[in-house]
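The values are calculated or read from the model by the stated rules, or taken from the named source; none is laboratory data. Quick caveat, the model's predicted, so the values are computed rather than measured. Methodologically, a virtual Cβ is constructed for each residue, glycine included, from the backbone with ideal geometry; neighbour enumeration extends over all protein chains shown. Remember, those area values only see protein heavy atoms, side chains included, never the ligands or the DNA or RNA. Shrake-Rupley method; radii C 1.70, N 1.55, O 1.52, S 1.80 Å.
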Amino acid sequence: MTTFAINTGVELSKTRRTAAFWITLAGAAFIPIIIFITYISRPDVFIKQLQPNVCVAHINHTWQGASIFLLPMYIILVTSLTVQIEYRNNTWKQVYTSPRRYADIYFSKFIVIHLLILGCFFCFNLFQLVSGYATAAINSNYAFFSTAVPWKVMLNDTSRLYVAILGITSIQYWLSLRLRNFIAPVGIGLALLITGLILNNWDKLYYYPYAYTILTYSRNRSGQEAVTGNYKLYSLAWFGIVLLLGFWDTVKRKERG
């Protein structure tokens, strides 16, 4: 276990100053910055929209803006970028011939991807708080300073969305390991994501892993209430099944790297 933790740390250090690291920061900051600009530009609209609880409404507003497209797109990109570190440096063969077990290699890199994702979630929550308070500092009619931070709401939204992206992470990881070209897994992921947007009104959408972030905030076909429940279990099922299939494929593959 100690060796696995050390190897995971080494894998994480490889992402420093790479595109995967910078896209994590940029992805976390993008929507809060856009929301800040819209708040400052149109206080006549958003001061009313953020009532009665400005912090809760702001958190829901920012997460909804990110969850439908940008969050799953970030997952697709950061997964491919992390795996491409080895392909770009032509070091996969060296990794597989090192005195490490296949499970160590496979799962340590996958954990690094999730550490980056969790880092993005943390930074996103931080930036959305900063954007709210920065708005109130410029326009005091936004009552952020007089409203308590809804930590429970933030944790709930973050955990729901994290569960929603689990299925995508395992699918994209397998694709990225299987396909040497960076564009191929990104293109397939983007096509599957757009398909999920097209199928938004399908009553069986909870079977489709690339739509789970959409279901977290969207409404069902009747437009009356939020879709909840099954998609979380299906996301966990996709996550576990595809992750293990990907590992089995890695072990059985004749040519690696």
Worksheet item: Which semi-axis lengths, in whole Å and largest first, follow from the square roots of five times the eigenvalues of the Cα gyration tensor of segment 40-79?
Response: 27, 11, 6
Worksheet item: Ratio of Rg to Rh for the chain, alpha carbon only, Kirkwood?
Response: 1.02
Discussion item. With every protein chain kept in place and ligands, DNA and RNA left out, what is the accessible area per residue of the chain? Probe 1.4 Å, answer in Å².
Written reply: 51 Å²
Worksheet item: What's the long-distance tail for segment 1-113, i.e. % of Cα pairs beyond 23 Å?
Response: 48 percent
Worksheet item: Which helices pass in the chain if a helix is a full DSSP H run, must span at least 15 angstrom along its long axis by Cα, and must have mean Kyte-Doolittle hydropathy not below 1.0?
Response: 19-41, 102-138, 183-198
Worksheet item: Which sequence of Trp151, Trp202, Trp174 reflects their accessible areas, 1.4 Å probe, from the largest down?
Response: Trp151, Trp202, Trp174
Worksheet item: Ratio of segment 138-200's C-alpha Rg to 2.2 N^0.38 Å, to two decimals?
Response: 1.76
Worksheet item: With +1 on each Lys and Arg Cβ and -1 on each Asp and Glu Cβ, how big is the dipole of the chain about its Cα centre, in debye rounded to the nearest 20?
Response: 700 debye
Item to complete: Across the chain, how many lysine pairs, 8 or more positions apart or on different chains, have C-alpha atoms separated by under 27 Å? Please give the number.
Response: 13
Response to the item:
For Tyr96, the accessible surface traced by a 1.4 Å probe with all protein chains present amounts, in square angstrom to the nearest 10, to 40 Å²
